[in-house]
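**Q** Encoded as structure tokens, here's the structure I'll be asking about.
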Amino acid sequence: MKFVKQQMFTAALVLVLASAFALPAAAQDMKIGVVSLQALIERAPQTKSAMDALQEEFAPRQRELVAKQKEYEELAAKAQKDFAVMGETERRNAEKDLRDLQREVTRLQNELREDLNLRQNEEYGLLQRAMLKEVQDYAQQQGYDLIVGDGVLFVSNSVNITEEVLGAVEANYQATSAR
């Protein structure tokens, strides 16, 4: 009985040692890369294109806001100059008009800011999903086993593939833009 236990212990020890030596060898065959998704999104041509489209989308409202602000400033300057010669009723009406116009300018500013923030967040979400898909496609094409993203505390240049993925993103963008 003692002999059987000793043989089982020896077999278990051999198995543990063999797996301990095999594990690092298997890990060395893995291809691992790190991508900074934030840097990828910031530098991708799709981001510039999306921001230009947003700028174009909101340009008419921005011009309207600027025109209303200018109208308010002109009316305020005129009223300030004419307050001394105005009657009481005329002055109250001018002050009311100024307040109403100021409220309208403030409302337009707030609506524009909120709508722009909403659209920027929508576009950023679309960009994130597109960049994740690009990273996944690149990783599969290049045979990577693991790609790590944000939250990495240190990465050496040998596994940081952000530049390579950015090159693929730019190439894909140019290919789709040419169609």
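Throughout, read-outs are computed from the coordinates displayed, never taken from laboratory work. Since we're looking at a predicted model, the values are computed, not measured. Please note: Cβ atoms are built from the backbone with ideal geometry, for glycine as well, and neighbour counts cover all protein chains shown.
**Q** Using only Cα atoms, locate the centre of the stretch 126-157 and the centre of the stretch 75-121, then give the distance between them in Å, rounded to an integer.
**A** Taking the Cα centre of the stretch 75-121 as reference, the centre of the stretch 126-157 is 50 Å away.
**Q** Calculate the dipole size of the stretch 35-179 relative to its Cα centre from +1 charges on Lys and Arg beta carbons and -1 charges on Asp and Glu beta carbons; express the result in debye to the nearest 20.
**A** With only Lys, Arg, Asp and Glu charged at Cβ, the dipole is about 380 debye.
**Q** Take the Cβ-Cβ distance between ALA175 and GLU114 as r, set R0 to 41 Å, and report the resulting FRET efficiency rounded to the nearest 0.05.
**A** Computed FRET efficiency for ALA175 and GLU114: 0.70.
**Q** Right, something else. Taking 0.36 nm per residue of sequence separation and subtracting the Cα-Cα distance, how much length would be gained by fully extending the chain between GLU104 and ALA76, in nm to one decimal?
**A** 8.7 nm
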